[in-house]
1. Those residues that are open to solvent by less than 90 Å² (accessible area, probe 1.4 Å) and not charged (D, E, K, R), I need them from the stretch 114-123; list them, please.
2. Only residues in the stretch 124-151 that are open to solvent by 30 Å² or more (accessible area, probe 1.4 Å) count as the first member; pair them with residues that are not in a helix (DSSP H, G or I), Cβ under 6 angstrom, at least 6 apart or cross-chain, and list the lot.
3. Would you check if there is a residue in the stretch 8-29 being buried (at least 21 other Cβ atoms within 10 Å of the Cβ) and either at pLDDT below 95 or outside any helix (DSSP H, G or I) (or both)?
4. Can you name every residue in the stretch 30-46 that is open to solvent by less than 70 Å² (accessible area, probe 1.4 Å), part of a helix (DSSP H, G or I) and not β-branched (Val, Ile, Thr)?
5. Does the stretch 254-262 contain any residue that is over 22 Å from the mean Cα position of the chain (by Cα), at pLDDT below 90 and of a type in the set (Asp, Glu)?
6. Any chance the stretch 282-290 includes a residue that's at pLDDT below 85 and in a loop (DSSP other than H, G, I, E, B)?
7. Restricting attention to the stretch 193-215, which residues are part of a helix (DSSP H, G or I) and either among the charged types (D, E, K, R) or more than 17 Å from the chain's Cα centre (by Cα) (or both)?
8. Go through (1) surrounded by 24 or more Cβ atoms within 10 Å (Cβ to Cβ); (2) more than 19 Å from residue 194 (Cβ to Cβ); (3) of a type in the set (A, V, I, L, M) for residue 111 and report which single condition fails.
Amino acid sequence: MEIQNIIKEKIKTVNTQLEEYMKHPDLAQNSIFNAMNYSLFAGGKRLRPIIMLLVCDMLGGDEKEVLPFACALEMIHTYSLIHDDLPAMDNDDLRRGKPTNHKVFGEAAAILAGDALLNMAFEITSSINTENPKRALRAISVLSKASGALGMIGGQVIDIESENKAISHDMLLNLHSLKTGAIIRAAGVIGAVMSGAGEDEIKAVDSYCLNLGLAFQIRDDILDVTGNEETLGKPIGSDSENHKTTFVTLFGLEKSKKAVDEYTGKAISSLSVFKEKAKELTDLANYLTNRSV
């Protein structure tokens, strides 16, 4: 099966489970579920859950053990986007081709929707019925660290504090490794942990995700310059407008494209220990880092 079809299949699996989690009775606070669902089902790539599920497949794990974590990670990613778009941060009007959450529901509801998605992620992961509680506990620890001040939030802080400043290549790598890379790495590591992988296998998956995350973000930087708003579903040139340092502003388009190839190659090389079992993750890396959206 080609990688595009595999991606569609995994997205369907994740969306079906997310819909189950988001069902709720008629409540006085229904408006918060409306705001949560609006962004959660706005048509994202589901990259992080896909990585987690493909790692599970590669290692012969049980998808039912991994799927709750895949959905939780997508909820955390979605909450981060809702908050990232707020006026206090990037102040964006468009996300995935639709008005941003705060434009539809107001700032207060958007903040609370993000908070609620974060909390629901841990409601789900802390209450799963598993035969491997030690694995689940480790996975929850990975998830919380990756989404906190030592991970995604830490990267967002660096991003905010770097506006209107020239930052070094090393600082830019650190920013991307945290803001974008931390939960991509968590996706792979959790998939490996919940599938019973050994420590060397977990390290190999982590290296794949680290390098894939950097390649993915640099490709994002390129598309912010070369893409168009209609195709990408979000404003183009926002990095420049917010005076942010990117790989493109530091090195230009051609060197940035070479960096994408370099990190993609490193990601794929990290999977050599898995041999032919890594084909789908290899195909995913090539597909994502050559994307136009």
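1. Those that are open to solvent by less than 90 Å² (accessible area, probe 1.4 Å) and not charged (D, E, K, R): 114, 116, 117, 118, 120, 121, 122.
2. Correct list of pairs: 145/151.
3. no
4. Scanning the stretch 30-46 gives 30, 33, 35, 36, 37, 38, 39, 40.
5. No.
6. Checked the stretch 282-290: no residue is at pLDDT below 85 and in a loop (DSSP other than H, G, I, E, B).
7. 193, 194, 199, 200, 201, 202, 203, 204, 206
8. Evaluating residue 111 over (1) surrounded by 24 or more Cβ atoms within 10 Å (Cβ to Cβ); (2) more than 19 Å from residue 194 (Cβ to Cβ); (3) of a type in the set (A, V, I, L, M) leaves (1) as the failure.
The values are calculated or read from the model by the stated rules, or taken from the named source; none is laboratory data. What you are looking at is a predicted structure, and each value in this text was computed from that prediction instead of being measured. Reconstructed Cβ throughout: ideal geometry from the backbone, glycine too, with neighbour counts over all protein chains shown. For accessibility, only protein heavy atoms count, side chains too; no ligands or nucleic acids. Shrake-Rupley method; radii C 1.70, N 1.55, O 1.52, S 1.80 Å.
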